[in-house]
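Since every read-out is calculated from the coordinates, none of them should be taken as a lab result. All of these numbers come straight from a predicted model, not from anything done at the bench. Using ideal geometry, Cβ is built from the backbone for each residue, glycine included, and neighbour counts are taken over all protein chains shown.
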């Protein structure tokens, strides 16, 4: 017990041109049942009505602090917030999302139930899909919900590698500020959004000695719209997933991590990013081919082929690209994974949403190695 339930939480909101959603976001933070907050609104050079919305909230609620800066990107804005933060705990809320009223109260009470000093309190989230269409907008439980059990003791990421193999979701967690400062963990300052959450995920999860997970969602995340990531217009956008994967790999190597559970999880993320790039920009795209091959060659084949969660056809494709023999597939383990995943998804989403998901899977195509 450390009195966490009474702690000051510094909520960092990096803001750039989100006038349509910002009021909802800030209202959801202000409405928290845990009132001991400082809400750091980092205005990253917005050119729309976002600054006026922040000013209105700051005038009405003294916990809201407005900080104006020249545009420098998501990571730079978060780092400014980290430098300013006075709280015991840090939260990051993206300005086009919103949070449920009990998020901080429940997470802090959960932290307070452990005798140990914690570094991270992590939760799942809710995917908000079709958010551009009021008639279709719908909440879907995230893939993490139900996959990890609520903690009964603090753990490290090696004990739950799914914490780093799935969506980075750094915003569905709170971080002890002392931990971030002791480890000198900050965001890389890429231009724009830049996927700066990827390296931050690895830095925090791999350096934390005490993580607890509460399997209840509070964070509402507007996920990518269907088709919105297809046919990127620039090479930088096409190769960004691979750049971030390599940045994460560099952190793993710098930290001297040899735990195969963590290394497998990072390989799995690389496989997922590779197939995502193939889906979005095509296997015929030379940048996709080059970076998929490079990514695959940075993985240990023994580790990749030992991951039961990777679909057999993806393992075969990996071996084709690598010039390796056809892999031996542990089909009982793969089917066991599918049964578990199907049960969790059906429980979380219900039959109607589940059948829609199955339909999308059967419509998808996978590349063939030339």
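Peptides 186-197, 168-179, ordered by how many other C-beta atoms sit within 10 Å of their residues on average, highest first, read 168-179, 186-197. Put simply, the Cα atoms of the stretch 1-107 extend 45, 25, 22 Å along their principal axes, the longest span coming first.
Helical content of the chain, expressed as a calculated mean residue ellipticity at 222 nm, amounts to -14500 deg cm²/dmol (DSSP H runs of 4 or more residues, -39,500 (n - 2.57) each, divided by residue number, nearest 500). For the stretch 205-316, just say rounded, prolate or oblate: build the C-alpha gyration tensor, square-root its eigenvalues into a ≥ b ≥ c, call rounded for a/c under 1.5, and beyond that prolate if a/b exceeds b/c, oblate if not. Judged from the Cα gyration tensor, the stretch 205-316 comes out oblate (a/c at least 1.5, b/c at or above a/b).
Of the Cα atoms belonging to the chain, the radius of gyration and Dmax stand at 20.8, 66 Å. Each peptide in 42-52, 3-13 was scored by the mean count of other Cβ atoms within 10 Å over its residues; highest first, the order is 3-13, 42-52. Structure remark: mean-square fluctuation, Gaussian network model of the chain, C-alpha springs under 10 Å; the largest value among 322, 205, 248 belongs to 322.
Determine the shape class of the stretch 256-322: with a ≥ b ≥ c the square roots of the Cα gyration tensor eigenvalues, call it rounded for a/c under 1.5, and otherwise prolate if a/b is greater than b/c, oblate otherwise. Prolate. Packing, as the average of other Cβ atoms within 10 Å across residues, places the peptides 80-90, 283-293 in the order 80-90, 283-293, highest first. The stretch 266-319 to the stretch 236-264: how many Å between their Cα centroids? Using only Cα atoms, the two centres lie 14 Å from each other. Can you bin the stretch 132-274 into rounded, prolate or oblate? Criterion: square roots of the alpha carbon gyration tensor eigenvalues sorted a ≥ b ≥ c, rounded for a/c under 1.5, prolate for a/b above b/c, oblate for the rest. Judged from the Cα gyration tensor, the stretch 132-274 comes out oblate (a/c at least 1.5, b/c at or above a/b). The mean of 1/r over all distinct Cα pairs in the stretch 4-222, once inverted, gives the Kirkwood hydrodynamic radius of 17.5 Å.
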